[in-house]
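Structure, as structure tokens:
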Amino acid sequence: MKFLITIILLTGALFLPASKGVRDNAITMITAIASGVERLVMRGDYAEIRLVDGDEFDEVIREPGRVVIVVVQKEISSSSRRKTLDLDHAMKELPGKVLIAKVMAERNTALLTRLKIAQVPAIRVYRNGVLLEKFNTDVDKDRFIEFIEARLADGPEKVATSDSAPDIRPMSDDWLPPGVEEKK
């Protein structure tokens, strides 16, 4: 289905009377549209990708029961997208319990300052509003996907939230590690 839509749209784009740069941008946009149409028609249980601004950021990272991957990148520069391209393709195959929130750096400078992000692209992973991990774009794709899958397997009850009460109980009698003796 995606292939057929892409071929039809690309054929139309090739006949546009424009410069090579305009045609290349049109082809990139058409490919993205074809991917979007495919997701609407044949959605499946894949991660949702959402463009997020600073106004809705706090609400998005608190979505219950979901692991939220925030990808901060430059909007205009293709170099920031090129760095995350393999990772983007791998993230798109994650299950529906994952939300990929794309934040464009140029539009959200106040948010970048608040999150203390100095270099883009940057990746942050949240669950229930709690920052789980920060990644740079040089992260190994397989290691990143393993981390996300482990967080999905944890379940929401295993992730501590900032407003949860500390666990204060009496310690058991055998609390010392093996090989360590209590001083008397």
* Asked: Residues in region 114-127: is at least one in a helix (DSSP H, G or I), farther than 19 Å from Lys97 by Cα and either modelled with pLDDT of 85 or more or of a type in the set (Asp, Glu) (or both)?
  -> yes
* To do: Looking only at region 47-54, decide whether some residue is modelled with pLDDT of 70 or more, part of a helix (DSSP H, G or I) and within 16 Å of Gly129 (Cβ to Cβ).
  => yes
* **Answer residue from region 83-99, given it is of a type in the set (A, V, I, L, M) and surrounded by fewer than 20 Cβ atoms within 10 Å (Cβ to Cβ) and is farthest from Ile49 (Cα to Cα) among those** => Leu85
* Sort out which residues of region 85-139 are within 10 Å of Val71 (Cβ to Cβ) and not hydrophobic (A, V, I, L, M, F, W, C), and write them in order of number. => Asp88, Lys102, Pro121, Arg124, Thr137
* Structure fact -> Going through (1) within 14 Å of Ala47 (Cβ to Cβ); (2) modelled with pLDDT of 85 or more; (3) of a type in the set (Asp, Glu) one by one, Glu93 fails only at (2)
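The values are calculated or read from the model by the stated rules, or taken from the named source; none is laboratory data. Remember, it's a predicted structure, so these values are computed and weren't measured experimentally. Heads up, the Cβs are rebuilt from the backbone with ideal geometry, glycines too, and the neighbour counts pull from every protein chain shown.
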